[in-house]
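The values are calculated or read from the model by the stated rules, or taken from the named source; none is laboratory data. In this text, all values refer to a predicted model and were calculated from it rather than measured experimentally. Don't worry about glycine lacking a Cβ; one is built from the backbone with ideal geometry, like all the others, and counts go over all protein chains shown.
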Amino acid sequence: MARITTSPDFSREEVGLASRNPGMPLEGMRYPVTPVGMHYLLIHFDIPFVDPATYELPITGRVQKPLRLTLDELKARPAVTMPVMMECAGTGRAHLSPRPVSAPWRDEAIGCAEWTGTPLRSLLEEAGLLDDAVEVLFTGHDRGIDQEVEQSYERSLTLEDALREEVILAYEMNGQPLPLQHGFPLRLVVPDWYGMASVKWLKEIKAISEPFEGVQQTVLYHYRQSEEESGTPVTRQNPRALMVPPGMPEYLSRKRHLSAGRTLVEGRAWSGFGPVERVEFSADGGYTWDDAELDEPAGRYAWVRWSHEWDAREPGEYELCARATDAAGKTQPLDNDEVWNQGGYGINGVQRVSVSVG
């Protein structure tokens, strides 16, 4: 289970995780498609070496006709390209108090890349799922120790989720072969879900007749208020709006400084529970709100740009906020403490940006 600390200081281990797993600078939200070098990374263990010349993906288990496909054979299948908003389940964890000790994400563990690959559904249909298959297990080539258990990184999906048309096996990112750190040569991409479901460096796909109970599936990635609870699984992304911090930053504190006058505040919003239908902007810490304008999203699983013309003529100190509401009626909470949990998952309290005007 997650360690919890009340210390305001980050441990040596947390700093080490942060150095290995960079987030996306929030100014990167100006780009509708996140450049590869800006997209967030979470690498649980090590980046494995996988030779694309000899790579094969087996599809085994409770199927009528096991498959074994080379990378070229996968690329020869029908392909789709789509922008997908991806977010780490631990985004926002560093804002919590007490804080779960893990990757100390604030708001930057995000990215919206264009992924190209072949639909998983057609492969499973070709293999022929047997009647007793209940889940599909995805195993990565990356291996290590977590929760004192040696393991490959593994996650499963129910048949219903695995057979969604938008779930793909991706071999390109932004029109180029997958970078090594993003799962080369092949990874799973599960739109709308947090990033832990999109297993990288795929080693095997296996249909199974019993629910998978591995560490990453049942011990981690659950919403729990205490270690005694079994909790509920982390799945779809909670609604979220983030802004590109306006003006210019002070180097160490990152506090923003802005000349007085009208300024366009912009950002991106998304939700795994349906399209974002409303984004609101506040310049007084969330006491009053104005509706922002929404652009058309680039795709069903992409983020959507929002913007608001802010009249910042009066010099002074401001706290800017943004919050999203999705088609399912879910709205971001004002405070991260409202969604506190043992693992620090799915934290989506409104972003707060301090700005000095004048």
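Observations on the model:
- Residue list for region 265-288, restricted to those being aromatic (Phe, Trp, Tyr) and surrounded by 15 or more Cβ atoms within 10 Å (Cβ to Cβ): Trp270, Phe273, Phe281
- In the set Phe212, Phe184, only one residue is touching a Pro at 6+ places or on another chain (Cβ under 7 Å) and over 25 Å from Leu26 (Cα atoms); that residue is Phe184.
- Checking the stated criteria, Arg68 turns out not to satisfy the condition of being surrounded by fewer than 20 Cβ atoms within 10 Å (Cβ to Cβ), in a loop (DSSP other than H, G, I, E, B) and not hydrophobic (A, V, I, L, M, F, W, C).
- The set of residues in region 188-218 being assigned to a loop (DSSP other than H, G, I, E, B) and basic (Lys, Arg) consists of Lys200 alone.
- Which listed residue, of Arg30, Arg62, is out of contact with any Gly (no Cβ under 9 Å at 6 or more places or on another chain), under 28 Å from Lys203 (Cβ atoms), at pLDDT 95 or above and basic (Lys, Arg): Arg62
- Single residue of region 121-158 satisfying the filter (of a type in the set (Lys, Arg) and surrounded by fewer than 21 Cβ atoms within 10 Å (Cβ to Cβ)) that is nearest to Leu42 (Cα to Cα): Arg143
- Condition met for Met86 (buried (at least 24 other Cβ atoms within 10 Å of the Cβ), within 30 Å of Glu27 (Cβ to Cβ) and touching a residue at least 40 places away in the same chain (Cβ under 8 Å)): yes
- A count restricted to region 314-341 and to residues that are charged (D, E, K, R), modelled with pLDDT of 95 or more and either under 16 Å from Tyr287 (Cβ atoms) or crowded, with 20+ Cβ neighbours inside 10 Å (or both) stands at 4.
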